[in-house]
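Colleague: Sharing a structure, written as structure tokens. Questions coming.
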Amino acid sequence: SDHMENIYGYLMKYTNLVTGWQYRFFVLNNDAGLLEYFVNEQSRHLKPRGTLQLAGAVISPSDEDSHTFTVNAASGEQYKLRATDAKERQHWVSRLQICTQHHTEAIGKNNPPLKSRSFSLASQGSANSPGVQRRPSQNAVSFFNVGHHRLPTGKRVPIMQPDHLVDVREMMSQAEGQQRDLIRSIECLPVSGHLTSLDQDLLMLKATSMATMNCLNDCFHILQLQHASQQKGSLPAGTTINWLEPKISLANHFKNGAAQNFPAEINKPACVREEQSVAEPCQLTREPEEISSDEELEDICDDKEDDLGAVEEQRSVILHLLSQLKLGMDLTRVVLPTFILEKRSLLEMYADFMSHPDLFISITNGSTPEERMIRFVEYYLTSFHEGRKGAIAKKPYNPIIGETFHCSWRMPKSNVATDVGGNVSAHSTSEQVTLSKDMEGQKELDYYTVKFVAEQVSHHPPVSGFYAECVERKMCVNAHVWTKSKFLGMSIGVTMIGEGLLSLLEHGEEYTFSLPCAYARSILTVPWVELGGKVNINCAKTGYSASINFHTKPFYGGKLHRVTGEVKQNSTNTVVCRVQGEWNSLLEFTYSNGETKYVDLTKLSVTRKRVRPLEKQGPFESRRLWQHVTESLRDGDIDKATEHKRALEERQRNEERLRTETETPWCTKYFLKEGDGWVYHKPLWKTVSAAQTQQTDTN
């Protein structure tokens with residue numbers, strides 16, 4: 001072929017998070033089916049620094065930008081490469097794909113299909129038998145010799161007739177049986193020796209074969225629906241084509257890809273036994289605990305999640321997990337490997353959204369309803385950046401039911417933007433009575449305090465409630481969120497179902513808002529996070545609303561983390577402010593009078609939260625509850641972290657089972673169920689209303 005020429009040139013290769021991207025000289029050897037690279041062109045006559053076999057490889061343009069692409073070899077090894085521009089990337093990708101296809105088909109020609117082979121892995125006996133001994137030159141791909149079938153050239157594929165679906169189903173049933181035998185054969189291999197059940201090549205084969213069968217089943221399901229629609233003339237109104245439910249059950253307990261065999265109780269660490277022996281939560285006091293902000297100290301913990309090493313080392317575990325998932329599958333009950341976890345609970349992540357308390361407090365200082373809505377939009381868009389810990393996409397701990405998290409922020413009054421009219425700290429006599437009793441008799445402080453509390457109020461579905469208030473400024477926010485995760489192929493999507501309510505009591509205004517979806521992209525390479533979806537903010541009293549779009553990156557071109565939005569007056573449909581930019585870098589606000597304001601999130605000051613020391617926290621407060629998992633992750637001891645995590649999850653399952661058997665309802669501590677939502681038991685709007693009523697009675 002004219003396209004089968006050898007090509008060479010410089011590309012950037014991603015090495016690791018420390019070294020980053022490096023220029024390397026790459027050579028595509030079409031005859032040998034190899035991609036080789038050298039330090040530079042001058043060292044080309046030396047031994048290559050790295051070599052990838054392209055037979056069976058997958059060449060994929062990245063969705064991060066228009067320059068990056070990945071080469072995933074059948075061995076599980078991967079190169080992440082970057083060209084100088086989109087044209088050069090396309091040149092390399094197309095040549096690599098042609099070479100890969102040529103050598104992959106050559107393997108199929110040189111090896112008979114499975115049906116005609118007498119070799120059977122299951123019949124080879126133990127690892128010590130001669131048939132299982134692996135020659136140094138024999139990899140797992142050649143060991144199985146999976147055949148490929150090609151249609152004769154020049155012949156067109158006949159149109160599938162409806163009655164042919166029966167034949168397709170029969171062939172698929174045979175393929176499913178062969179695939180099950182293959183999986184069983186791999187899992188029956190010993191865990192040590194020349195060829196083991198944890199061999200990288202075998203895990204790749206296991207993952208891809210299972211994913212292929214899942215895909216074929218989905219396609220067959222769609223064909224059946226199309227056949228049904230042809231018989232009826234058209235699909236009924238409202239009919240949707242959904243992904244099938246998974247046929248292969250997920251194992252609940254996996255430790256780094258292998259079945260867990262935990263030691264006997266006596267051999268467990270003392271802290272694990274302590275975790276399992278904590279009493280049933282409903283037997284503990286469920287009375288709300290008043291946390292004094294004076295007990296809290298400025299947080300010194302700074303766990304940035306930029307360590308990619310664990311993800312790279314555990315790639316086989318990820319492949320094993322992916323082989324058991326289906327597109328659209330709900331991941332709520334899937335136990336994910338420990339090494340992909342952040343060192344904090346989801347409840348603490350919600351608290352980190354409040355890391356700019358100055359912007360939060362300044363909302364109520366707006367002199368007009370229009371200004372207050374714009375300030376809320378500004379605060380809302382700046383909250384997500386600090387909520388992420390580092391550039392690597394990792395998952396916070398799933399909160400245990402009954403788990404709580406408390407913290408606060410102190411913000412100097414001089415740092416809070418005021419209204420045009422002047423001093424916002426001055427209150428009338430009637431306003432003073434609404435302040436908390438804690439403030440009575442004390443001299444006026446030079447800072448505002450924002451308090452935060454979160455609680456996991458439900459396990460299935462997983463629902464979290466959180467509440468924050470600034471008593472001095474008479475403002476509070478209450479929200480409940482149900483996190484629903486789905487597997488999307490090479491991404492994981494998280495839908496944030498729920499609603500928040502911001503109350504500005506000085507103005508009698510309430511703002512309802514929702515949250516965007518989150519996506520973990522490129523989960524097999526360098527995972528990263530983007531937000532997507534449309535959210536709305538509304539204030540019924542003032543008639544102002546905001547519509548914000550978080551744009552996911554298109555497959556070709558486009559920017560990452562783009563966001564656009566507008567604020568309008570509903571009665572006149574007048575747009576008073578437009579916003580555009582990136583939610584994690586620079587935002588541009590354009591007002592109706594023509595003025596423009598820029599907010600650089602990378603330069604915004606972050607106020608550290610204040611948290612009680614571990615020894616003063618209750619047993620179900622997040623940091624104390626997860627302390628052993630967090631410490632093990634910091635030490636890099638994944639096995640110990642997995643053991644502690646499993647102990648907590650097992651205890652939660654046992655408690656839930658006991659409540660079901662005894663028909664005992666779960667008792668929440670800080671949040672009460674109201675309709676479809678959850679509301680803090682003592683919100684500021686009730687406190688202020690009660691104080692005003694008491695003042696009226698006194699007068």
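Colleague: If you go through region 644-662 one residue at a time, how many are farther than 14 Å from ASN398 by Cβ and either surrounded by fewer than 21 Cβ atoms within 10 Å (Cβ to Cβ) or free of Cβ contacts under 8 Å to residues at least 40 places away in the same chain (or both)?
Modeller: 7
Colleague: Still on this structure: I'd like the full set of residues that are among the small types (Gly, Ala, Ser), closer than 30 Å to SER571 by Cα and either open to solvent by 10 Å² or more (accessible area, probe 1.4 Å) or not in a loop (DSSP other than H, G, I, E, B) (or both), limited to region 340-390.
Modeller: Matches in region 340-390: SER362, SER367, SER383.
Colleague: Sort out which residues of region 44-74 are without any contact (Cβ under 8 Å) to a residue 24 or more places away in the chain, outside any strand (DSSP E or B) and open to solvent by less than 20 Å² (accessible area, probe 1.4 Å), and write them in order of number.
Modeller: Residue satisfying the conditions is ALA73 alone.
Colleague: Further, regarding this structure: Identify the single condition in (1) open to solvent by less than 30 Å² (accessible area, probe 1.4 Å); (2) touching a strand residue (DSSP E or B) at 6+ places or on another chain (Cβ under 7 Å) that GLN617 does not satisfy, given that it satisfies every other one.
Modeller: (2)
Colleague: Going through region 573-593 one residue at a time, which ones are surrounded by fewer than 20 Cβ atoms within 10 Å (Cβ to Cβ) and touching a Gly at 6+ places or on another chain (Cβ under 9 Å)?
Modeller: ARG578, GLN580, GLU588
Colleague: Quick one: would you say ASP199 is at pLDDT 70 or above, open to solvent by 70 Å² or more (accessible area, probe 1.4 Å) and among the charged types (D, E, K, R)?
Modeller: Taking the combined requirement at face value, the residue does not satisfy it.
Colleague: Return only the number of the condition from (1) closer than 30 Å to LYS451 by Cα; (2) in the same structural domain as ILE361 (by the TED database) that LYS609 does not satisfy.
Modeller: (2)
Colleague: Restricting attention to region 542-572, which residues are in contact with a Gly (Cβ under 7 Å, 6 or more places away or on another chain) and in contact (Cβ under 8 Å) with a residue 40 or more places away in the chain?
Modeller: ALA546, ILE548, VAL563, GLN569
Colleague: Here is a list of conditions, (1) in a strand (DSSP E or B); (2) of a type outside the set (A, V, I, L, M); (3) at pLDDT below 85, and SER464 meets all of them except one; can you say which number that is?
Modeller: (3)
The values are calculated or read from the model by the stated rules, or taken from the named source; none is laboratory data. Bear in mind the structure is a predicted one, so any value in this text is a computation, not a measurement. In this analysis, Cβ positions are derived from the backbone assuming ideal geometry, glycine residues included, and neighbour counts consider all displayed protein chains. Quick note on the areas: whole protein, heavy atoms, side chains included, nothing else; ligands and nucleic acids left out. Shrake-Rupley method; radii C 1.70, N 1.55, O 1.52, S 1.80 Å.
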